[in-house]
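The values are calculated or read from the model by the stated rules, or taken from the named source; none is laboratory data. Just so it is clear, the model here is predicted, and its values are computed rather than measured. Glycine gets a Cβ as well: all are built from the backbone with ideal geometry, and neighbour counts include every protein chain shown. Just the protein is used for accessible areas: all its heavy atoms, side chains included, with ligands, DNA and RNA removed. Shrake-Rupley method; radii C 1.70, N 1.55, O 1.52, S 1.80 Å.
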Amino acid sequence: MKGIVAAGRMVVIAALLVAAAPAPYPNLVAGIDAYNAGWFAVAFRLLDAAAKRGDAQAMVDLGYLYVRGQGVAPDRAEAMRLYRRAAERGDGEAMNAIGYNYQFGNSLVVRNIGKAITWYCRAVEAGNPRAMNNLAIMLYDGTGSARDRAEAEALWRQSAAGGHTNAMVNLGQLLLARGDEAR
C-alpha cells in the first residue's frame with residue numbers, strides 16, 4: 001500500500017484539471033438542486049438528460065437515484081452501468097462507488113476486497129476524498145492487506161484537507177487515541 005500517499009500527490013494535479021474543466025451542464029446543477037429539494041422525479045429527469053450528454057457526475061448521481069429507488073424504480077444493474085461509464089471518463093466518485101459495491105457486495109456484485117482496494121486506489125489517484133477515507137479505514141483495520149496505520153493516517157489527512165467530514169472524525173479519533181491532541 002506504500003505509494004498511495006505518493007498517488008495522493010496527484011490530488012494537486014487533479015484539482016488543477018478540475019479547475020480547467022468545462023462548466024457542468026445546466027441540467028446537472030438543476031438536477032442536484034431538485035434532489036436537495038426532495039423532488040426526486042424532477043432530479044431524475046434532469047440528471048438523466050445531463051448523463052445522456054456525457055456528464056460523468058450526472059451519471060454517478062443518477063446511479064445513486066437508481067440504487068436508492070428515488071424518482072425511479074430501484075435498479076442496481078443500471079447504477080453499476082452508470083458508475084462504470086463515469087469511471088471510464090475518469091470520475092473518482094464513480095470509482096469510489098464501484099469500490100464500495102465490491103467492498104460490501106450486494107445482490108448484483110459479489111464481495112471482493114481485492115477489487116474494492118483496486119477501485120479505491122484508482123479513485124484516490126483521481127483525487128476523491130471519500131475513497132481516501134474508505135481506503136484508510138481498510139488500511140487501518142487491515143482489511144484485505146496488512147495493517148498500515150501510517151498510510152491510513154496520511155490518507156485521512158488528505159481526505160480531511162479535501163473537506164471530507166468522516167475523514168476529519170476518523171483522523172481526530174486516531175490522534176486522540178494516540179494522545180496527539182496538539183496536531
Extension gain, TYR64 back to ARG147 (0.36 nm per residue minus Cα-Cα distance, nm): 26.8 nm
May I ask you to evaluate 6.51 cos²θ - 1.76 cosθ + 1.60, the Karplus curve with θ = phi - 60°, for each residue of segment 34-49 and list the ³J(HN,Hα) values in order in whole Hz, giving x for glycine and proline? 5, 4, 5, 7, x, 8, 5, 5, 5, 4, 4, 4, 5, 5, 4, 4
For segment 20-141, report the accessible area per residue in Å² (1.4 Å probe, heavy atoms, rounded to an integer). 47 Å²
The ³J(HN,Hα) series, computed from each phi in segment 110-117 with the Karplus coefficients 6.51, -1.76 and 1.60 at θ = phi - 60°, rounded to the nearest Hz and given as x for glycine or proline, is 6, 4, 8, 4, x, 5, 4, 4
Once Rh is set to the Kirkwood radius over Cα pairs, what Stokes-Einstein translational diffusion coefficient, in µm²/s, holds for segment 24-89 at a temperature of 25 °C and a viscosity of 0.890 mPa s? 221 µm²/s
State, to one decimal in nm, how far the label point of ARG89 lies from the label point of ASN166, with both points 7 Å from Cα in the Cβ direction. 2.4 nm
Given backbone amide H placed at 1.01 Å from N, residues whose amide H is under 5 Å from that of ASN128, ignoring those fewer than 5 places away on the same chain, are none
Sequence order, segment 54-68: Karplus ³J(HN,Hα) from phi using 6.51 cos²θ - 1.76 cosθ + 1.60, θ = phi - 60°, Hz rounded, Gly and Pro as x, gives x, 6, 5, 5, 5, 4, 5, 4, 5, x, 4, 5, 5, 5, 7
How many percent of the accessible area of segment 69-180 is carbon or sulfur, using a 1.4 Å probe? 50 percent
Kindly provide the pair-distance distribution of segment 87-141 built from C-alpha pairs, with 5 Å bins from 0 and whole-percent values in order of increasing distance. 5, 26, 32, 23, 12, 3, 0
Quote to one decimal, in nm, the extra length available between ALA77 and TRP39 on full extension: 0.36 nm per residue of separation minus the C-alpha distance between them. 11.4 nm
Relative contact order for segment 26-68: what percent, with Cα pairs under 8 Å and sequence separation of 6 or more? 34 percent
